[in-house]
Amino acid sequence: MFTDGWVVLYNFGDAPVTITRVTTVLEGNGLRQVGARIAGYARKYTMQQALTGFPPRTEGLGPLSPAEGYVLPAEQGRPRKKGHELLIGLRVTQATGRTSRTHVEVAYTYKGHTYTDRWVNTIAVCSPRHGPDCPQQYVQ
């Protein structure tokens, strides 16, 4: 099990944003999303991409909150430099083979309307750990 922290969220708007769903888009059967948390302004670093376990117990993240229901305050076009780091928990579920995460989708409400943003972001996990090399994968 590991945590991916590639996505950092900002709210440039004039009203709060409430996260309603976080989804990882997977190709293959070797990974499963096990949860999502948010590290807010109290964290030490803007982003830590790969962390052991979920939820991560890494010093410097500050308190973690569940992602679903998390409210990003309105920041009137001037968000704080660090934003809010989205931490997605992933579990490796197969002993051999390759699985990749191709996208991260975040659904949210803003001023009574529902939206979904999608970030292209590929990570690949190959099992076993010391097996053959994974071929490169690029998503456009």
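The values are calculated or read from the model by the stated rules, or taken from the named source; none is laboratory data. Quick caveat: nothing in here was measured; it's all calculated off a predicted structure. Using ideal geometry, Cβ is built from the backbone for each residue, glycine included, and neighbour counts are taken over all protein chains shown. Side chains are part of the model used for accessible areas, which takes the heavy atoms of the whole protein and leaves out ligands, DNA and RNA. Shrake-Rupley method; radii C 1.70, N 1.55, O 1.52, S 1.80 Å.
Structure notes:
- Where labels lie 7 Å past Cα in the beta-carbon direction, separation of ARG91 and SER65 in nm: 2.7
- Between the beta carbons of TYR10 and THR52, assuming R0 = 35 Å, the FRET efficiency works out to 0.85 to the nearest 0.05.
- In straight-distance terms, cross-link reach from LYS44 covers every one of the aspartates and glutamates whose alpha-carbon lies under 15 Å from its own, apart from those fewer than eight places away in the same chain; here that gives GLU59, GLU85.
- Spatially proximal aspartates and glutamates relative to LYS111 (Cα-Cα < 20 Å; intrachain offsets below 8 disregarded): ASP14, GLU68, GLU75
- Rolling a 1.4 Å probe across the protein heavy atoms gives the chain an accessible surface of 57 Å² per residue.
- Geometric descriptor of region 1-99, per residue, is 92 Å³ (volume of the convex hull of the Cα atoms).
- The accessible surface of the chain, taken with every protein chain in place and a 1.4 Å probe, is 50 percent carbon and sulfur.
- Förster radius 30 Å - calculated FRET efficiency between GLN76 and ASN29, Cβ distance, rounded to 0.05: 0.10
- Theoretical FRET efficiency, 1/(1+(r/R0)^6), r = Cβ-Cβ of TYR45 and TYR115, R0 25 Å, to 0.05: 0.35
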